[in-house]
Amino acid sequence: MDLGFDSRVAVITGAGGGLGRAHALELARRGARIVVNDLGGAVDGSGSSATPAEQVVKEIEDLGGEAVANADSVASAAGGEAIVKTALDSFGHVDIVINNAGILRDKTFAKMTPDFLDPVVDVHLKGAFNVARPAWDHMKERGYGRIVNTASNAGILGNFGQTNYGAAKMGLVGLTRVLAQEGRKYDIKVNAIAPIARTRMTEELLGPLAEKLDPETVTPVVAWLVHEDCPVTGEIYSAGGGRVARFFVGMTKGWFDPDITMESVRDHFDEIRDEAGYTVPRGTNDEIKLVLDALS
Ligand SMILES: NC(=O)c1ccc[n+]([C@@H]2O[C@H](COP(=O)([O-])OP(=O)(O)OC[C@H]3O[C@@H](n4cnc5c(N)ncnc54)[C@H](O)[C@@H]3O)[C@@H](O)[C@H]2O)c1
């Protein structure tokens, strides 16, 4: 093990089970001090219990590591502040935030009501804001930070019956990319993962290969993305079962005609959509430059 986290402090949300627990144990094994946050509710977000977070703290301590439990909800700004305060009070600073807490309230769009939408957006999308916001000030001040947001292929690629979850998860991609830009000059790197793992959230969905999809096969990717040596920011990685790949936003070469009409768009639609020669813009300026190049 040549990659360590000695003296680093990591806040990991939803770390009482599943992926978050695996991340917490691995970072602790490699020397990080951990805030194990978990509300301890059911998959749909109902209920709460401090036990899951406390149990993971116990597991870390049994390994000889250092951790503290926190059972606040990421779904409110006050909860996010309390989670970060736990890190500051216990360990003095925060180097790493892994936004991992999550719930599911799947419904087809026809049956989607605020009861299914609001809690999902509150936990996944606003939850990441709520925890990263108070951590950000400290990271900026210290000139160092690593954040990983847990997105999902359900948002990046779409998945039937998950408009609430998919929209919240894709929102995290936007958050990741903007934060990466804002954090660049402070050595704060912000990336996202789209994991595939067998947890209580997916145990009925993954089929026969589930046994090969341990959360522990996702954790090395997260651990690398929050390590000080990791060179990338604003990127999205697919991780599951030991397979790792990068998702990226590509743009086709496109088509240009200053005298564009509705009919000419129809007539050139294949060319507009043609993936040959695509580019991967790093930010809005890259895209605007391509438009300006076409115009000049
Ligand atoms: N398992 C997969 O294949 C998969 C795929 C894509 C994305 N994800 C995402 O990975 C993350 C971890 O999920 P998991 O699969 O390990 O499921 P999980 O249910 O085991 O873990 C989620 C944890 O978040 C906690 N949590 C829920 N609401 C919370 C809140 N308001 N505040 C604090 N903690 C809260 C839960 O108590 C739970 O322990 C989630 O964001 C999930 O959406 C998982």
Inset, instruction - Considering every residue within the range 72-79, establish whether at least one is assigned to a helix (DSSP H, G or I) and open to solvent by 40 Å² or more (accessible area, probe 1.4 Å). - result: yes
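Among Phe160, Phe129, Phe109, which is the only one that is under 12 Å from the mean Cα position of the chain (by Cα) and surrounded by fewer than 23 Cβ atoms within 10 Å (Cβ to Cβ)? Talk me through it step by step, then tell me what you get.
On the way: Phe160 fails: under 12 Å from the mean Cα position of the chain (by Cα); Phe109 fails: under 12 Å from the mean Cα position of the chain (by Cα).
On inspection, the qualifying residue turns out to be Phe129.
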Legend entry - Identity of the residue in the range 163-177, open to solvent by 20 Å² or more (accessible area, probe 1.4 Å) and free of Cβ contacts under 8 Å to residues at least 40 places away in the same chain, that ends up farthest from Phe129 (Cα to Cα): Met170
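Please pick out the residue among Ala42, Ala87, Ala110 that is within 11 Å of the ligand (Cβ to nearest atom) and assigned by TED's automatic domain parsing to the domain that holds Gly161.
Values: Ala87 fails: within 11 Å of the ligand (Cβ to nearest atom); Ala110 fails: within 11 Å of the ligand (Cβ to nearest atom).
Every option except Ala42 fails the conditions.
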Inset, instruction - Filter the range 48-71 for residues that are open to solvent by 60 Å² or more (accessible area, probe 1.4 Å) and either more than 12 Å from the ligand (Cβ to nearest atom) or touching a Phe, Trp or Tyr at 6+ places or on another chain (Cβ under 7 Å) (or both) and give the result. - result: Glu54, Lys58, Glu59, Glu61, Asp62, Leu63, Gly64, Glu66
Inset, instruction - Identify the single condition in (1) of a type outside the set (Lys, Arg); (2) open to solvent by less than 30 Å² (accessible area, probe 1.4 Å); (3) farther than 22 Å from Ala10 by Cβ that His124 does not satisfy, given that it satisfies every other one. - result: (3)
Inset, instruction - Please work out if Lys140 is in contact with a Gly (Cβ under 7 Å, 6 or more places away or on another chain), within 21 Å of Ala10 (Cβ to Cβ) and open to solvent by 30 Å² or more (accessible area, probe 1.4 Å). - result: no
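The values are calculated or read from the model by the stated rules, or taken from the named source; none is laboratory data. Given the structure is predicted, the values throughout are model-derived calculations rather than measurements. Note: ideal-geometry Cβ built from the backbone for every residue, glycine included; neighbour counts use all protein chains shown. Only protein heavy atoms, including side chains, enter the accessible area calculation; ligands, DNA and RNA are left aside. Shrake-Rupley method; radii C 1.70, N 1.55, O 1.52, S 1.80 Å.
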